[in-house]
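I have placed the structure first, in the form of structure tokens, so that the comments after it can refer back to it.
The values are calculated or read from the model by the stated rules, or taken from the named source; none is laboratory data. These numbers come from a predicted model, not from an experiment. Positions of Cβ are backbone-derived with ideal geometry, glycine not excepted, and every protein chain shown enters the neighbour counts. Ligands, DNA and RNA are stripped out before the accessible areas are found, and what is left, the full protein with its side chains, is counted by its heavy atoms. Shrake-Rupley method; radii C 1.70, N 1.55, O 1.52, S 1.80 Å.
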Amino acid sequence: MQLRLSGHETFYPRERWLHKGLNEGNFYHSANFMKEEETGPEYPTDYMGVGFNMVKSIRYWIGAFGLIMKNGSRNTVTPFADHLLKFDPFLDRKQTMWILHYNLITNDSGPTVWKWFFSHSDLFSFRKDNFISACRIWLDANFQKSYSDRSLENDFSVMTAMYCSE
């Protein structure tokens, strides 16, 4: 398991982002969705109608959910994503959301805080301070890498916004 904190640009996945990132008008293949530069012809912000940081966040989430994989220097749609798209082309069914959530927390390259919370945490209820404290203890015991407290705080904020209405 890799330590993967942040990367989502503080955005949780919005409705239709996964579909946009994978499928809309074959944009993923035709307009170089993984292009890093902010300007130029066919840059994703122009096509998708979202800002630069949101494009980076969409890239992050389609990877975190296991919908794309590195194939040499390119990213390709995974067999998992192809299978989901066959039954739910817009990735908007409740059942698909549960499958994606499961894949997010079991994927070794997925976000570490999500994996910890849903698979290793024993928190029944929490506030930001005890959530981060418990997560920090687990991270220190399981990873020999340094990390930013700000990254943990951002992951907490994004994860709670993703699952809670307030």
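Its Cα gyration tensor gives region 101-166 an equivalent ellipsoid, and the semi-axes of that ellipsoid, as √(5λ) in whole Å with the largest first, are 17, 15, 12. Say the cut-off is 30 Å between C-alpha atoms; which of LYS56/LYS94; LYS94/LYS145; LYS86/LYS145 go over it? With Cα atoms farther than 30 Å apart: LYS94/LYS145; LYS86/LYS145.
Put a dot 7 Å past the Cα of GLN95, heading toward its Cβ, do the same for THR76, and the two dots end up 2.8 nm apart.
The fraction of accessible area contributed by carbon and sulfur in region 95-166 is 52 percent, rounded to a whole number (1.4 Å probe; ligands and nucleic acids excluded).
At full extension, ALA141 and THR160 could sit 4.5 nm farther apart than now, given 0.36 nm per residue minus the alpha carbon distance. For region 53-93, the convex hull spanned by the alpha carbon atoms encloses 75 Å³ per residue.
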